[in-house]
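**Q** Dumping the structure here so I can ask a few things about it.
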Amino acid sequence: MNLEKGGHWRNWVGNQSCISRYKGAPASEAQLAQMVAEANAHNLNIRVAGSGHSFTPVVGTGGVLLSLAGMKGVLDADLATRRVTFAAGTRIGEAGQALKSLGLSLTNQGDIDGQAVAGAFATGTHGTGAKLSCLASQVVGMRLVQPDGGILTIGESDIDMLHAAQVSIGVLGVISAVTLQTMPAYNLHEKLWREDFESCMARHDELAASHRHFGFFWCPVPESRHLYCLPDLSPVSLTDKTADYCEMKTLDITDAPPMVREFEKIAYSSEVYPIEYVPNFHELEYAVPIEHGKEAVRAVRELMLTKHTNCIYPIEYRFTAGDPAWMSPFHHMDSITLSVSGGPGIDYWEYLKDVDIILRRYGSRPHWGKLHFLDTDDVSALYPRAEDFRALRRKLDPEGRFLNDHLRMLFG
Ligand SMILES: Cc1cc2nc3c(=O)[nH]c(=O)nc-3n(C[C@H](O)[C@H](O)[C@H](O)COP(=O)(O)OP(=O)(O)OC[C@H]3O[C@@H](n4cnc5c(N)ncnc54)[C@H](O)[C@@H]3O)c2cc1C
């Protein structure tokens, strides 16, 4: 056996864990393929852990748990087309640094850069920007290890297959490499300030239209910002309020050279996107059709100010353009994303359920990596290509080797 005796695994925040029978850490695609084939021959289920930054049970298995942390780096770079292929275990931050040295940048990134590239795309990870789609839409090709160890090469020549695989939550096979469409390197100019909630709502459309990236954190009480390690923006506040205000952020491409001032900086793209978090929150996040964004955030704010006054993690509010990936939360839906969190050890379930009830009214779709309440029927109702995705999954993996109980319920 190439596989080793398994053991305990837990995610970054510690709300998901499993004890796998075997584990494997391949150093190459060939080794990976051998391990998958071996697990399949022994009728074992196979899951891959990226960097464990999902809050949902999308990783755990009692079968074989693989880590691709030993499969990293640039495999190929075509500077003419700006297409770069990464080994699937490369972290987003490592991809950013590699692209910087090639004079390239990722089109957009999320709030952290510790995820594995394959792990980030697999759940539909996004940043913010009304005209920018989720990270998976940068994927133009990939190599997928199938249950028998065979390699499926996916590219734009089979566009349906590409759109199925861009956001796959790891149920179509193990991704060994991803090819990303990148763009010329750019610097971002970040500006931070504080603003009254009503003023933020009044300027919502204009700020989203006039900046490449705009998003905010709504803080119900002064302590809220500490829970997400947000800076003290009182010196650049446009409001006298010390509660019920928004921590605002815009990012725009600039030709200006790097600089750092308080609450403002210019640096290479990938060095500006990420912010710091500590593992003190369990997050739910839904993509809401953009036309309902303001109404939705008002409704959740009202819920927090009236019924759940002890729930004080900020609401994070961002923008993401629609994309064609079959299981993308943004599937043909320009969206805002609204996220809320509960604290570990606190019974926050009723609060999250109330938020879910509100956001369902708008036909919102959850982030696959963040807490949600979807069942089989909800997936079918919300995703027009859900049945096509399930049929493809069954065709590629008839024995369900790449499923666990959670994923079987959603995509079996
Ligand atoms: C602090 C924090 C900040 C975050 N910020 C954002 C944000 O700004 N925007 C956003 O959208 N999300 C955000 N997330 C969520 C996070 O981006 C997603 O959950 C992402 O999927 C995590 O990537 P990962 O590498 O940790 O993958 P994991 O959580 O380990 O795995 C995710 C899924 O991908 C599968 N997978 C991983 N690698 C492979 C592979 N090689 N082949 C097949 N399947 C694979 C796993 O089996 C699993 O199903 C954040 C999460 C945290 C904890």
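The values are calculated or read from the model by the stated rules, or taken from the named source; none is laboratory data. The shown structure was predicted, so the numbers you read here are calculated from the model rather than taken from an experiment. Here Cβ is always computed from backbone atoms with ideal geometry, including for glycine, and neighbour counts include all displayed protein chains.
**Q** From the residues in the stretch 41-60 that are within 9 Å of the ligand (Cβ to nearest atom) and among the polar types (S, T, N, Q), which one is farthest from D111 (Cα to Cα)?
**A** Ranking the candidates gives T56 first.
**Q** Same structure, new question: I'm trying to understand the selection: among the residues of the stretch 1-18, which are assigned to a loop (DSSP other than H, G, I, E, B) and hydrophobic (A, V, I, L, M, F, W, C)?
**A** Within the stretch 1-18, M1, L3, W12, V13 meet the criteria.
**Q** Filter the stretch 350-369 for residues that are under 28 Å from I159 (Cβ atoms) and part of a loop (DSSP other than H, G, I, E, B); which is nearest to the ligand (Cβ to nearest atom)?
**A** G369
**Q** In addition: Given the criteria at pLDDT 95 or above, more than 30 Å from A25 (Cβ to Cβ), surrounded by 14 or more Cβ atoms within 10 Å (Cβ to Cβ) and within 16 Å of the ligand (Cβ to nearest atom), does R225 qualify?
**A** It is true that R225 is at pLDDT 95 or above, more than 30 Å from A25 (Cβ to Cβ), surrounded by 14 or more Cβ atoms within 10 Å (Cβ to Cβ) and within 16 Å of the ligand (Cβ to nearest atom).
**Q** Just checking, does the stretch 393-409 include any residue being without any contact (Cβ under 8 Å) to a residue 24 or more places away in the chain and within 16 Å of the ligand (Cβ to nearest atom)?
**A** yes
**Q** Also, quick follow-up: Tell me, which strands (runs of 3 or more DSSP E) wholly within the stretch 75-154 include 1 or more residues that are hydrophobic (A, V, I, L, M, F, W, C), without any contact (Cβ under 8 Å) to a residue 40 or more places away in the chain and more than 10 Å from the ligand (Cβ to nearest atom)?
**A** Counting at least 1 such residues, we get 151-154.
**Q** Filter the stretch 379-403 down to the residues that are of a type in the set (K, R) and in contact with a Gly (Cβ under 9 Å, 6 or more places away or on another chain) and list them by number.
**A** R390, R393, R394, R401
**Q** For the stretch 200-227, which positions are without any contact (Cβ under 8 Å) to a residue 60 or more places away in the chain and aliphatic (A, V, I, L, M)?
**A** Scanning the stretch 200-227 gives A202, L207.
**Q** Continuing with the same structure: Within the stretch 231-278, which residues are assigned to a loop (DSSP other than H, G, I, E, B) and either without any contact (Cβ under 8 Å) to a residue 24 or more places away in the chain or among the aliphatic types (A, V, I, L, M) (or both)?
**A** D232, L233, L238, D240, T242, A243, A256, I275, V278
**Q** Moving to a separate point now. Does the stretch 323-349 hold any residues that are surrounded by fewer than 19 Cβ atoms within 10 Å (Cβ to Cβ) and in a loop (DSSP other than H, G, I, E, B), and which are they?
**A** P324, H332, D334, G343, P344, G345, I346, D347
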